[in-house]
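Notes follow the structure.
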Amino acid sequence: MRRLLPLNALRVFEVAARTGSYVEAAAELGLTHGAVSRHIATLESWLGQRLFVRVGRRMAATPAAKAFAAEVSLSFDRVTAAAEACGRPTASRVLRVSAPTTFAMRWLIPRLDRFHGQRPEVEVAVATTTTLHDELRGGFDIAIRRASSVTGEQNWAQHHAAPFLDEFDTLIVAPALFGRRPIRAPADIAEHTLLASETRPRDWADWLAAAGLPVPASRRRVFDHFFVTLQAVADGLGLGIGPLPVLSLEIAAGRLVAPLPQFSVQRPGYVALIPFDADKTPSLTAFTDWLVAEGAGR
């Protein structure tokens, strides 16, 4: 009989070597630090050599272990691909995506056909949240949220974070309203109604500062969520502050106008969040890679 490798220990080893940390490996796998240590010790006993050595207060993979881990990772990928090929080719694979409402409606959903063109066997089920910072309650394979800072630095507990789309705010207006009362310079907004959102309280103040304007005495209407404000802008009820490139397709199609794009405010970008304990299928990896590619292409 073949002397079989301890496969559970091999999986733990691959994560520990890839992350470079027993602590991060424990978090990703949902194990304790002690359990990770025991699995590594089991594999070291099977191999008859050390895989990690202590460097200061942490355990670091040896050069041989790093090379071994790279081969193990490739092998896991090949096994997963073989398992998918062995499965029913017509079986639908559902990928559950949680995303903010406006982002889902204006950026993600209009582009999904491009992803389906690459992976027609994957069904993407989109569930929306009403705020950008809605809690991560689970029930998804991947969540899209906006970072809390422009640099994207944030501690997403129990999640991998993959930044994929930068964002900046600029003035937006309906084409019909722009035709009646054109806006060629920041001062031209004085005769317009300003439409604002409770969920984005700083939008107007920040844009006015970027345009070098004081807070005007113009009429103002405030709505609870941005997707409601956006509809009011599209209906020609006033001017709004909108995010690009989230609204780039609306502007390209002529449904909205961005009359002063040179005056803009950078905002925190979007990140794709994958739970550490998620099943890292090729479909999930492909969708994450697709988001990054789409974000790069705007």
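The values are calculated or read from the model by the stated rules, or taken from the named source; none is laboratory data. Fair warning: this is a prediction, and the values are worked out from it, not measured in the lab. Using ideal geometry, Cβ is built from the backbone for each residue, glycine included, and neighbour counts are taken over all protein chains shown.
Details
- Among (1) surrounded by fewer than 20 Cβ atoms within 10 Å (Cβ to Cβ); (2) at pLDDT below 95 - the single one ALA234 does not satisfy: (2)
- Residue that is surrounded by the most Cβ atoms within 10 Å (Cβ to Cβ), among those in region 189-210 that are under 15 Å from PHE263 (Cα atoms) and of a type outside the set (Val, Ile, Thr): TRP204
- Subset of region 157-188 (residues that are touching a Lys or Arg at 6+ places or on another chain (Cβ under 6 Å) and either of a type in the set (Val, Ile, Thr) or surrounded by fewer than 14 Cβ atoms within 10 Å (Cβ to Cβ) (or both)): none
- The lone exception for LEU74 - which of (1) in contact (Cβ under 8 Å) with a residue 12 or more places away in the chain; (2) on the phi < 0 side of the Ramachandran plot it fails: (1)
- Failed item in (1) more than 25 Å from ALA104 (Cα to Cα); (2) at pLDDT below 95; (3) not β-branched (Val, Ile, Thr), with PHE178 passing the rest: (2)
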